[in-house]
Every structure is written in structure tokens, then in C-alpha cells.
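Just so it is clear, none of the values below were taken in a lab; they were calculated from the coordinates. These figures come from a predicted structure and were not determined experimentally. All Cβ positions, glycine included, derive from the backbone under ideal geometry; neighbour counts span all protein chains shown.
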Amino acid sequence: MEIKATINGDEIVKNINPNKRLVDFLRDDMNLKSVKEGCSEGECGACTVLLDKKAVTSCTLFAGQIDGCEITTVEGLEKTGELELIMKSFSKNGAIQCGFCTPGMIMSAKALFYKNSNPSKDEIIKAIEGNLCRCTGYNKIVKSIEEVRDGIEHE
Amino acid sequence: MNKNFRYIGKRIERDDSLDKARGKALYLDDIEKNNMLHGKIYMSNKPHAFVSINKESALKVEGVTHVFTYEDVPKNLYCSHQWFPGADVVEDENILQKKARFVGDRIALILGESKEAVNKGIKALEVSYDELEPVIGIDEAKKDRSIINGDTNLAFSKILSCGDADSAFNECDYIIEDEGSTPKVHHSAIENHGCLSEMDEFNNIVVYAPCQVVFQVRHIIAKALDYPYSKIRVKKITIGGSFGGKGMPILETVCAFASLKTGRPVKITMNRSETIMGSRSRNSTRIKIKTGFNKDGKIIARKIDAEVDGGGHFTNAAAVTMAMGKKAFRLYKIKNQVFNGKSYYTNTVPGGACRGYGSPQIHAISEINIDNCAKKINMDPVKFRLINAVDPGDKDPIGAPELGNARIKDCLIQGAEAFNWVERKKHIKRKNTSRYSYGIGVAAGTHGNGYKGAFPDFTNVNISILPNNRIWIKIGIHDLGCGTVLTMQQIAAEVFKISTKNIDVPQGDTFISPYDSAGTQASRVTFVCGGAVKKASEVIVNKMLENYTKLFGCSLEDIIYEDGYIWTKNNDKISYGDLADLVESKLESNLEVSVKYNSPGNPAVYAASFVEVKVDNYSGLVEVEDILAVHDLGQAINKTLVEGQIEGGAQMSIGMALSEEIEYRKDGTVKTDNFSKYHIINSPSMPQVKSLLIEDGEPGGPFGAKSVGEITAVTPGPAVINAINDALSCNICDHPATPERIIKAVLNK
Ligand code: FES
Ligand code: FES
């Protein structure tokens, strides 16, 4: 099937197998390696990307479902400069240990900010409830996102 | 102790985090090689069975290139736990098994040109099983009706003792007995298992492994394939978490075999279910504890019977049992104590290292028992612990290395104060409503600093100062996400007086790193490898200064060095790198040293956690409202990294207490085969962890530091259980304290 989609700002028209999982399409066909796979069934959030600015798990979607949509990954945020503040906040606060959950966490945080530019701590915690992290105990991740909300800039 | 540090203790940022955030760090599955074959393990569906495989239909699948089974692989038995040839183990694993010993055991490898082809090949493979009776759980194992290996399912047993517990019990005013269980825990590193290997142009096998001990991986591959150690290059690559789970090679032997056989790069990956079923787990245990004590709260005697579920292969059956036992002698002064440990083969996932290595299990039950002892004499549980806790400089009663600067009492005293323990204890019940019960709990714990006293514990370091003002430190470390590289950088930076940004510490690579005896495990890295980096840094700085005196004709006392520059009153500043240049051109030498470092000891680390919980009497759900974790870690090398360990360790420990368990059905299949059924703590269930550090300096450690990563996963869980038991006035000892168990306790009230 031929799909037309905007991926990280670039319009693509591609002939694809519509039953390919979105995570495989993004990683293998689009070489977007920030999209990680941890559980393959929508439970860990490592594969989180934005579909029309909403956080979705790319392991539970098919590539065919993105026809006509806009997909964003951290690679896309980096292009537009939107990654800067949040990645520095994560790094400064020690919110990144093994880092495997990090791109997914960032995408969930980003989706929250698109919806609500001034979320409460509880709303932040809720926004990442589907993103599992085994290293950090979430405390520093939540703090990082709060600092982004507050516009605190790090070197 | 001089605490005017420039780099030690500072919240310096790690080098690797931005690339991880940008998706630029390459983890195993992100690496592609030219001409690479994809591989998948066919894992046994049966827990205990002889396997026969018909390759035909799988080989017919388009794109499938090879199917390997037991018949194809070398038959050299090995033990994946064995990290050096001298470790005493039972070798009972094959590259691919003829007899499957658990659901998830490796029985075939399918290779193909694409992932899709391999997946189809897996589905097409015809496997028939000649089933044997499965042995699920310790009770079943003890019956010895169906035997998994050798002539009994008892894999290991050992008694450790001091004094004479049996007769001492007669002199005690009170005796309290408890029995409880701890679950098999899945490490839950968010990155699943994987391995990639290839042959290089010199016929070396090159293995890219997210692993903890490159020299162990080399050793096991050499053994399994009968291939020269010197022709196996194992490179530790960026890892998406381990927690012990990626300590033992699971895929490395079969992956290396496949590259050797096909001559092509081979990448094998596992998905979540496969990783849960087919890798390793924290050993489950059943532990009975009997403690005798007097009216004044002094413990006189203790007897611990611990049974360990070792799983389908021997792996760590001896090591984890011994580790549990030894810890029992290093927290409280107990003159008469006997630990009787036994581990059993069962047809379940084999045991492996898991953050804390036995400490979480033994303390889970012993700290409940301690609370019950205190309750018996109406004594505050903190006070009861203080009466019995060890002191700095105490000896180990069973002859293991001395405890060192053991600061458990400080943890308890300062923690109780910071938590406002006494007041809260008095008033906690006032919060109760008909729906919710509140309770507070405390727990203490101990862990080690390496292998000294049990196994060889040394490492080699090679450091050079390079012309462009960079310091290059070669040591066999593995950053598992904890910030190990930065820890080494900060230690070296302090000695060199140069920014961490000028220091490169490549990770374990058997062709680059000098030999390290024990890898990134056993809480040894900060204490032993950090000590080695400090020592070697001192040696090379001295060499640098001596060379400077030769070149500039000054005396050592004249030299000033700082921020990467060296000078005297009469000579202009030059960088360390410029000096390295001069040493080469003028003195025909270079600034490089190699140092072998033997661990100076194996002191204990200590922790105490203080917790408040809110229990929903209707649903049985528990909320951890507040937690303070206090750690006696000698000296923090980087406070941010340390807090990260404490917060992450609490997440694991609370999970083990409340929700995590790999559950088996009677037929040996796994119920909890994904994160929808295996519940780790997510953000809404995670409390804000307050941490308090006791930094009183450990004399043998680099700048006074000792371990922290593993001990963090020891005390939060038992403190949570004690708080639940406080809230409900019950005695839950079986883990995890699921809603069902809680409701049962509420109903039994
Ligand atoms: S891999 Fe998609 S949610 Fe876990
Ligand atoms: S940093 Fe390792 S899983 Fe989150």
C-alpha cells in the first residue's frame, strides 16, 4: 500500500507493507533508532512516538495506520530545536541512566506539553505512567520535566 | 579526612546522556553489520523434556539459512556463572540443549536473511518432546521424584555458624520464629537480551555484548567452543540496563558459534517474554528464622534455614546461597548463630545475579523477624536494632573480612531523627479511617564490596597521558547505566587535578582492557576498580612530576600542577599533554603506567529505610506515602549518581515487596510473561525518595568511598512490609504482599 505521511517534518510517500508494525517501519525503514522496543505490547513505553502530537506506542500500531498523519520522534524534536531544553534538563538532573527509556519518556513529556503547557506535578507523573523505567525510580525524570515546564535552562 | 575535594562528590554530568536522549547512542539492536544474519532462539515450550527436532520445514522457509540444534554444536559443558576458570561450579549447560530443563531453555537457533524469515522459521520448526515430570517449586524438588541433574535435586548445601546456637536458645528469655518466602524477580532491564558477533580479518571472534564481565564472556565462549582465549574479542557495548540479568552469557556462546560456523555477522535478539522466561531471575527463597533474645533486647542466638530455588541449571546455586548466609553475620552482633542454606534444581528459569545478590532475600525475612522480636518486648524497633547492631571495626564472626567503618548505627540514629520516627510512631494510628490503615516501618541491611576473602579480587589499570592533554585510562569496567565511567573519571580527575572532560575511560574490551579478575558485579567497582584508578593515577602523576624535574632541572617541591597545567615559579605553564610531548622527544619515553591492584579488603556497606504506608482495607492496595533511605557509603563520588542509585534501588525493592513475581503454573509454563502481568512500579506508584548519606569515609576505599548500587535494593522492601504489618497489626512474611495477601490479612484481623 502507498502511504503519505509527515515524518519528523519531512513528507514521505512510500510503498509499504501496511501490516508492518510502526516500530519496525520507523527503526528499519526510516532508520529512526531512538524508537526503542522493550515489550512489544504497549506496556513499557520505550517505543513511544507522537502521532499528530499525541503519544502512542509504535509497537501496537501498524505502519498503514499513519497514512495522512504526522509522526514525531526525538530525531524530529532535535531538528526543530525542541529537544534542547528537555534533553539538557534530563541530563543535568541525572534522569538518564541506561537511557533506554529516555526517548520514549521525552516523547510522552512532549505530548503532555502540547496538551498543557503548565502541567502540575501529578499531571506529569500521570503522563509518564505508561513509560517504565527500571533505573531511576522516576523521581529525577519528574523533576526534569517540572524544570522544563518552569523554563529552567541548563548549560 | 580532607574533604576539600575538587571533583569528588560533585554533581558532574555524565558524558553519555545527551546522546542517549537524542537516540544516537547505539544499543545492541541498533547495530547493523554488512551481510548480517538475524537469529532467534527456539526456546523449549516444555519444562522438562528430551527434545527432537526436524529441521526440514523451517529450512524450507524462504530466507532461512541455517537451523542449528544440539546435534550441531560442540558438546563442551560449561556453567554460565563461572567468571574465571577457578570458580568452583557444576558445569551443566550446553550451547543448545538436548534435554530442556525449563520453559525457555535454548534448544535451537534459526538464522536467516531477515527478521521476518527467522520468525517464520521459528513457527515452522517441528519440535517433539519426550516429556519428563516437571519439578516446579522447592517442595516438589525436595521429593526427588523427578531428577533434573545428577542423582538429587539438591544442588548445594552449606552450614555457616558461630558460637553454639542450639544450646544458647535455652538461655533466652524469648524466642520468635518466622517463616516467609521471596519471589523470583525479573530484572526488567527495559532493553531485552541480545548479542551480535562476527569474525574479523584475523579469524578472531568478535562479540558485541551488553554485558557485565567481558572476561567471563570470553572464558565461557572459549570453553564452549574450545577456541583460544586470545582469539576471542568481547566488547561491552552500551547497555539498556542489567541489574545482574546480563551478567551471565545467555546468547553469547550460541551467537559466537553461529559466526564461527557461517563466517558471517550474526545478531540474535530476544523479546520481553523470551527474556522473562529464558534468561535469568532473582532466586526465589523460603526462609525460616528463629531468634532468641533477652528482656533487655539483646539477641543471644539465631537460626536461619534458607531454601533457594536455583532453577534449571546450576549457575549460581552455591554462590547466592553463600551470599545470603554471609550477610546474616554482618548486621547484628549475634554470638551464636547458624545458617543452614540449601539450593535446589527446579524446572524453572535459572537463578542469576540480581541487584543485591541474596541480600534482598535474606533481609526480607530477617528484618520482619527483628520487628517481631521488638514487638514481643514492646520495644521500639529502631531501639531494638540499635542494641544489636554492629560497630565500626567489628570482626566478622565466621572469619570473612572485617566490617570496616560500619556505620549502621549512624544510619539508624540519623535516619530516625530525620524521619521524625518516634513522634510519627506515636501518632500514626490517628490517621486511620474505616477505609485506610496507616503504618510506619523500618528495616536495616548490609552488603559487600567485592570478592576479597572468597575469590580473587584484583584488577589491572593502564593509564597514559597523551599529547593532546588527554588522560586515557584502560580498565575493564562496564557502565550498566549507573555512571561507572564518570565515577572513574571523577576519581582520576581528583588525583590529576584535571577536568573529567579530559579523561577517557573506554569500557571493557578484551583486546584493550588489561585483565580484571571479577568484572562489574559484586559491588566491587567503586571500591576495587575505583581504588585501582586512584592508585594508578597517583603513580603516573608522580612519574609526570619526576620527568618534569629532569626536563626543567627543578626539585619536586617547586612544581605546581593544576587544571591540566604544570609549572614552577621560573617556568611557564605547559599542559600535561605538552609535557608528554617533551618526555617523548627529549627523554625517549612516554607517560604511561600499568598497575596491578589487589583489593585491600571487603568492608560492609549499610543502609536503613524508614517508610510510611497507607493500606486500602477494601482493595488491599498499598501506597508508599513516604520513604527515607539512609546509606552508609563512605563517600559519595557523585551525589547525583548516588541518588539515582538510591531512587532506582527503591523502585526495585518496593516492587519485590508489593507486586513483582515470575509466577509458574504447575505445568511449568510462565503466567507472568510480559509487563501486562509482571508488574514493576510505575511513576504513579513510586514515592519521592528522600536520601540521607552517611559519609564517614572507608579507609580502604578511593577517597573513602564504598559501594552503593546494590545495597539500595535491600532495605526499602522490608521497611514497606514492616509498615504494612504495623498498619494492619498482622504478620505478612510472604512476598510480594499482593492485594490478595493483604485482604487475607485484613480479614484475619
Ligand atoms: S515496546 Fe512498545 S510499549 Fe513496550
Ligand atoms: S534510564 Fe534505564 S530504563 Fe530508564
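The table for this structure:
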| read-out | value |
| --- | --- |
| Sequence ranges B:3-15, B:650-662, B:423-435, ranked by mean other-Cβ count within 10 angstrom, highest first | B:650-662, B:3-15, B:423-435 |
| Rounded to 5, percent antiparallel among DSSP beta bridges of the range B:455-518 | 75 |
| For the protein assembly as shown: rounded, prolate or oblate by the Cα gyration tensor [a/c cutoff 1.5] | rounded |
| With Cα atoms, 0 to 90° folded angle of helix A:139-149 axis to chain A main axis | 80 |
| Cα-derived Rg to Rh of the range A:2-77, Kirkwood definition | 0.92 |
| Mean Cβ count within 10 Å, highest first, over the residues of peptides B:173-179, B:68-74 | B:68-74, B:173-179 |
| Those lysines that a straight Cα-Cα span of less than 23 Å connects to B:Lys677, excepting residues fewer than 8 apart in one chain | A:Lys36, A:Lys126, B:Lys46, B:Lys184, B:Lys246, B:Lys666, B:Lys744 |
| Most mobile of A:Ile125, A:Ile145, A:Ile12 in a GNM of chain A (Cα contacts under 10 Å) | A:Ile12 |
| Residue-averaged beta-carbon neighbours from other chains (10 angstrom radius) around B:683-692 | 5 |
| Cysteines without a disulfide-compatible neighbour (Cβ-Cβ under 4.7 Å), chain B | B:Cys79, B:Cys162, B:Cys172, B:Cys211, B:Cys354, B:Cys373, B:Cys411, B:Cys482, B:Cys529, B:Cys554, B:Cys730, B:Cys733 |
| Of all DSSP beta bridges in the protein assembly as shown, antiparallel share, percent nearest 5 | 80 |
| Top of A:Thr60, A:Thr48, A:Thr80 by mean-square fluctuation, Gaussian network on chain A, Cα under 10 Å | A:Thr80 |
| Protection-proxy order for peptides B:541-550, B:740-749, each taking the mean of Cβ atoms within 10 Å per residue, highest first | B:541-550, B:740-749 |
| Anisotropy class of chain B from Cα gyration tensor, a/c 1.5 cut | oblate |
| Net charge of neighbours whose Cβ lies under 9 Å from the Cβ of B:Gln212, counting Lys and Arg as +1 and Asp and Glu as -1 | +2 |
| The range B:454-474 and the range A:26-95: distance between their alpha carbon centers, rounded to Å | 38 |
| Neighbourhood charge, 10 Å Cβ-Cβ cut-off, centred on B:Trp567 and excluding it, Lys, Arg +1 and Asp, Glu -1 | -1 |
| Environment charge at B:Phe703 (Cβ cut-off 15 Å; Lys +1, Arg +1, Asp -1, Glu -1) | +3 |
| Whole-angstrom gap from the range B:669-744 to the range B:176-237, using each part's C-alpha centre | 27 |
| Residues of type lysines that A:Lys4 reaches as a straight line, Cα spacing below 20 Å, ignoring anything fewer than 8 places off in the same chain | A:Lys14, A:Lys20, A:Lys53, A:Lys54 |
| Rounded to 5, the percent of DSSP beta bridges in chain B classed as antiparallel | 75 |
| Average other protein chain Cβ within 10 Å of Cβ, residues B:648-657 | 3 |
| Using alpha carbons only: equivalent-ellipsoid semi-axes of the range A:81-149, gyration tensor based, whole Å | 16, 13, 11 |
| Integer Hz, Karplus 6.51/-1.76/1.60 couplings in order for the range B:364-369, x for Gly and Pro | 4, 8, 5, 6, 5, 4 |
| Shielding by partners, peptide B:674-682 (average Cβ within 10 angstrom, other chains) | 5 |
